[in-house]
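Working notes, beginning with the structure itself.
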Amino acid sequence: DKAGHKHFMAKEISEQPGVIGEAVSHYVAADNTISLPDPGLDFTKFDRITMVACGTAYYACLTAKYWFEQIARLPVEVDFASEFRYREPPIPGRTLAMFVSQSGETADTLAALRYCEGKADKIASVVNVIESTIARESDLALPIHAGVEIGVASTKAFTCQLTVLFLMTLKAALDRGTITQDQLADHISALRSMPSLINIALEQNAAIRDAAQKLSPARDVLFLGRGAMFPLALEGALKLKEISYIHAEAYASGELKHGPIALIDENVPVVVMAPRDRLFDKTVSNMQEVMARKGKVILISDRAGLEEAAEGTWAQIEMPPVADALTPILYAIPAQLLAYHTAIAKGTDVDQPRNLAKSVTVE
Ligand code: F6R
C-alpha cells in the first residue's frame, strides 16, 4: 500500500520524520538516558570499532566513523563486507565488531560477521529485520525501527541506521567520559528536533524537483562533500546511479584537484553538499574551482551558506539550519529526493530498478 504516493520510495522518504522519532523514543528515555537492548554495551571495554556492511549501509558506517571518532574519541575502521571477509584482517583485542544491514540477510555481511566470531570481543548488529540471521548471530542486535522497506533503493532505513549509530556514539561518549551531561542534553535535543527539520526539508520538494529536471539529461554527475558530508555525497551518487541510471561519482571535496577536476566541463553537473559548518569555506573554495571550469553546481546548504556562496551556481536547495553533528541525517533527504525526481524525469522504474534485488543473499 503506497498510502497515496506514486511509489514506495516516495512513501518511505516521507515516512522519515515519523520513523526517526520512533527510533529515538525506543532508545532514549525522558530523562535523556540512552538504553541499548540487553545485554547492552560497555564502551570502556573497547579500544576500537570495526564496522562492516555493503552499499547504503556501508555509507551509514562511514558516516558513523566521523561521529565515533569526533564525539567518543574511539577509532573506527570501516570496510566493505565483500573485501573484509576475504582479506581476513587481524582483529586485535578490545575490538567491537559492528555489522549494519537493513535486511539482516546480506550474504557478504553475514560471512564477515561469522569471520569475527571468536575473534572480536563483542559482535553487535544494527538491523531493520530483528528476526534476521545477522541479528540472531550477534551478541547484541539493535533494531532501527524503520518499518518494512519495500523500495529497492534504501531511504528510511539509511536515516534510521544513522539515528541509531548516533545514539550509540552518545552512549560510547558517555561511557568513555568524552562528553558532559550538558553536551549530551544538547545532542539529544537536536536529535529530537530532527523529525520537524526533516519535514521542513521535505517541503523543499518542488525546488529539488526543478534541480532534478535540470540534472536529468546529464550523462555524468559528480557529488562533493567534506567531513561527514563526504559519505553523504557517496550515498547521493549511489541513489542517483541506482534509480536514474546516470553515472554518478562522489569525491571528498579536497580530492578534487588530485584528479577528478579533469572531468569538469559545462556538461558535468556537480552536486555540492555544504552546510555552513567549520568546513564550509573549504568546500566552497573547491566549488569555485568547479565553476571556474564551467561546471554547473547544484548547491545544497542552509540559508546562511546560500547567502554567502550561491552566486553563480546553477541551482540551490535550501535546508534548515541544524546542529553540526546531525547534518548527515538531514542532508540525506535532498540526496534521496534528487535521485527520485531525476528517475521520474527519466521515466525509469523507481521501485524496481533494473538488475537490482532488495536483499542480496548470494555473493
Ligand atoms: C542501496 C541499497 C543497497 C543496500 C545493500 C545492503 O539503496 O539498498 O546498497 O544498502 O545491498 O543491504 P542490507 O542493508 O540489507 O545489508
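Bear in mind that the values in this text are calculations on the coordinates, not laboratory data. In this text, all values refer to a predicted model and were calculated from it rather than measured experimentally. With ideal geometry, Cβ positions are generated from the backbone for all residues, glycine too; neighbour counts draw on all protein chains shown.
Rounded to two decimals, the Cα-based Rg/Rh of the range 296-363, with Kirkwood Rh, is 1.11.
When only alpha carbons of the chain are considered, Rg and Dmax amount to 19.6, 56 Å. Beyond 27 Å in Cα-Cα separation lie the following of the pairs Lys122/Lys241; Lys294/Lys358; Lys171/Lys257; Lys257/Lys294: Lys122/Lys241; Lys294/Lys358; Lys171/Lys257.
Looking at the square roots a ≥ b ≥ c of the eigenvalues of the Cα gyration tensor of the range 127-258, which shape do they give, rounded for a/c under 1.5, prolate if a/b is larger than b/c, or oblate?
It comes out prolate by the Cα gyration axes.
Over the range 23-154, the Kirkwood radius and the radius of gyration, each from Cα atoms, give a ratio Rg/Rh of 0.94.
Basic side chains Lys and Arg get +1 at the Cβ, acidic Asp and Glu get -1 at the Cβ, and with that the dipole of the chain about its Cα centre reaches some 480 debye. Each residue of the range 209-272 gets 77 Å³ once the volume of the Cα convex hull is shared out per residue. Using only alpha-carbon positions in the range 188-310, the gyration tensor eigenvalues give semi-axes of 23, 18, 14 Å once each is multiplied by 5 and square-rooted (largest first). Taking max minus min of the alpha-carbon positions on each principal axis, the range 242-363 gives extents of 44, 34, 30 Å, largest first. Karplus-derived 3J(HN,Hα) values for the range 310-325, using 6.51 cos²θ - 1.76 cosθ + 1.60 with θ = phi - 60°, are 6, 4, x, 7, 8, 8, 10, 10, 9, 9, x, x, 8, 3, 3, 4 Hz; glycine and proline are entered as x.
Please rank Trp314, Trp67, fewest neighbouring Cβ atoms within 10 Å first, as an exposure proxy.
Exposure proxy ranking, most exposed first: Trp314, Trp67.
Over the range 1-77, the ratio between the Cα radius of gyration and 2.2 N^0.38 Å evaluates to 1.43. Taking the inverse of the mean 1/r over every pair of distinct Cα atoms in the range 154-202 gives a Kirkwood hydrodynamic radius of 11.8 Å. Neighbour counts of C-beta atoms inside 10 Å place Lys239, Lys45 in the sequence Lys45, Lys239, starting with the fewest.
Set Lys and Arg Cβ to +1 and Asp and Glu Cβ to -1, take the dipole of the chain about its Cα centre, and tell me which of Ile49, Tyr59, Ile20 lies farthest positive. Toward the positive end, the furthest listed residue is Tyr59.
Pairs with C-alpha atoms separated by more than 31 Å, drawn from the list Lys282/Lys346; Lys156/Lys214; Lys11/Lys214; Lys214/Lys282, are Lys282/Lys346.
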